[in-house]
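Undergrad: Following this message is one structure expressed as structure tokens.
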Amino acid sequence: ITFPEGISSFEMDDILTAAGVVRRGQFAASAAHAGAEGMLFPDTYEIFADELPERIVSRMLEHFTQKTASVLPIDVLKSRETLIVASLLEKEVSSVQDQRLVAGLINRRQRAGIALQIDATLCYIKRVTKSQGCYPLSALDFSLDSPYNTYLYKGLPPAPIGNPGIAAIMAALQPVPSEYLFYLSDPETGKTIFSQTFEEHKKNRARYLLNT
């Protein structure tokens, strides 16, 4: 079974449920109990049809350690922060170069005391609360009272919102400084559109998003 880079434990649960390995919710519950979100390394695994979800989680955590031991900082807090940022990058940005720019943008917004306002965190909240689907986001979604809501609460969410691969982890560790404070993704091309000011960002939203 292949788990793509960036997906959450809930999406992994969907894949395992569809394959008939677990009952819906079992894997996600085991991952939550282990505090494993962000450390379920995305890769292809051979999984027994009757394998317990706890064992699958354990094996994925072991694989994570093997893959990231030479990459992640030794400091536990720095390592955790890196995984959180990498999980945001996986959900928000496609190319590695743009991921590094967004990593720098995240750092800049944090230093300036500006809320990150990352839509992917709202999608994670909706999945945690078992809401179906994510987009389009409603006005109510932006007011969801959760520490993962990066519109309501400044700084990084308390934990990763997905499970990043090595490239995104490296991007989080190698942020590119810039004058950008805003970005969006062109829904037609997937290209990341950066802005330095809110006025410029509003114009880009009107150009790329309002007519989609």
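The values are calculated or read from the model by the stated rules, or taken from the named source; none is laboratory data. Computed from a predicted structure; not experimentally measured. Cβ atoms come from the backbone with ideal geometry, glycine included; neighbour counts cover every protein chain shown. To get the accessible areas, we keep the full protein, side chains included, count just its heavy atoms, and leave off ligands, DNA and RNA. Shrake-Rupley method; radii C 1.70, N 1.55, O 1.52, S 1.80 Å.
Undergrad: Being in contact with a strand residue (DSSP E or B) (Cβ under 9 Å, 6 or more places away or on another chain), under 30 Å from K191 (Cα atoms) and touching a residue at least 60 places away in the same chain (Cβ under 8 Å) narrows it down to one residue among V71, V85, V102, V96; which is it? Explain how you work it out, then say what you get.
TA: Values: V71 fails: in contact with a strand residue (DSSP E or B) (Cβ under 9 Å, 6 or more places away or on another chain); V85 fails: in contact with a strand residue (DSSP E or B) (Cβ under 9 Å, 6 or more places away or on another chain); V96 fails: in contact with a strand residue (DSSP E or B) (Cβ under 9 Å, 6 or more places away or on another chain).
That would be V102, the only listed residue that is in contact with a strand residue (DSSP E or B) (Cβ under 9 Å, 6 or more places away or on another chain), under 30 Å from K191 (Cα atoms) and touching a residue at least 60 places away in the same chain (Cβ under 8 Å).
Undergrad: Please go through the range 69-108 and pick out each residue that is buried (at least 18 other Cβ atoms within 10 Å of the Cβ) and not in a helix (DSSP H, G or I).
TA: L72, V93 - these are the residues of the range 69-108 that are buried (at least 18 other Cβ atoms within 10 Å of the Cβ) and not in a helix (DSSP H, G or I).
Undergrad: From the list L210, L184, which residue is in a loop (DSSP other than H, G, I, E, B) and either free of Cβ contacts under 8 Å to residues at least 12 places away in the same chain or within 18 Å of the chain's Cα centre (by Cα) (or both)? Even if it seems obvious, please write down each step before you answer.
TA: Working: L184 fails: in a loop (DSSP other than H, G, I, E, B).
Testing whether each residue is in a loop (DSSP other than H, G, I, E, B) and either free of Cβ contacts under 8 Å to residues at least 12 places away in the same chain or within 18 Å of the chain's Cα centre (by Cα) (or both) leaves just L210.
Undergrad: So which of R23, R59 ends up being open to solvent by 20 Å² or more (accessible area, probe 1.4 Å), assigned to a helix (DSSP H, G or I) and more than 22 Å from A171 (Cβ to Cβ)?
TA: On the way: R23 fails: assigned to a helix (DSSP H, G or I).
Testing whether each residue is open to solvent by 20 Å² or more (accessible area, probe 1.4 Å), assigned to a helix (DSSP H, G or I) and more than 22 Å from A171 (Cβ to Cβ) leaves just R59.
Undergrad: Filter the range 9-20 for residues that are within 21 Å of T129 (Cβ to Cβ), open to solvent by 10 Å² or more (accessible area, probe 1.4 Å) and of a type outside the set (A, V, I, L, M, F, W, C) and give the result.
TA: Once the filter is applied, which keeps residues that are within 21 Å of T129 (Cβ to Cβ), open to solvent by 10 Å² or more (accessible area, probe 1.4 Å) and of a type outside the set (A, V, I, L, M, F, W, C), the range 9-20 yields E11, D14, T17.
Undergrad: Follow-up question, since we're still on this one. Tally the residues that are hydrophobic (A, V, I, L, M, F, W, C), free of Cβ contacts under 8 Å to residues at least 24 places away in the same chain and either surrounded by 14 or more Cβ atoms within 10 Å (Cβ to Cβ) or assigned to a loop (DSSP other than H, G, I, E, B) (or both), restricting the search to the range 109-168. Even if it seems obvious, please write down each step before you answer.
TA: Within the range 109-168, the first condition is being hydrophobic (A, V, I, L, M, F, W, C), and the residues that meet it are 112, 114-116, 118, 120, 122-123, 125, 128, 134, 137, 139-140, 142, 144, 152, 156, 159, 161, 166-168.
Next cut, free of Cβ contacts under 8 Å to residues at least 24 places away in the same chain only: 134, 137, 139-140, 142, 144.
If we keep only those that are either surrounded by 14 or more Cβ atoms within 10 Å (Cβ to Cβ) or assigned to a loop (DSSP other than H, G, I, E, B) (or both) as well, we get 134, 137, 139-140, 144.
Qualifying residue count, the range 109-168: 5.
Undergrad: Looking only at the range 127-142, decide whether some residue is under 24 Å from L40 (Cβ atoms) and either of a type in the set (A, V, I, L, M, F, W, C) or at pLDDT 95 or above (or both).
TA: Checked the range 127-142: at least one residue is under 24 Å from L40 (Cβ atoms) and either of a type in the set (A, V, I, L, M, F, W, C) or at pLDDT 95 or above (or both).
Undergrad: Within the range 169-180, track down each residue that is open to solvent by 30 Å² or more (accessible area, probe 1.4 Å) and among the hydrophobic types (A, V, I, L, M, F, W, C).
TA: Of everything in the range 169-180, those that are open to solvent by 30 Å² or more (accessible area, probe 1.4 Å) and among the hydrophobic types (A, V, I, L, M, F, W, C) turn out to be M170, L173, V176.
Undergrad: What about F48, is it over 20 Å from K67 (Cα atoms), assigned to a helix (DSSP H, G or I) and aromatic (F, W, Y)? Quick ask: steps written out before the conclusion?
TA: Details: over 20 Å from K67 (Cα atoms): yes; assigned to a helix (DSSP H, G or I): no; aromatic (F, W, Y): yes.
Against the criterion (over 20 Å from K67 (Cα atoms), assigned to a helix (DSSP H, G or I) and aromatic (F, W, Y)), F48 does not qualify.
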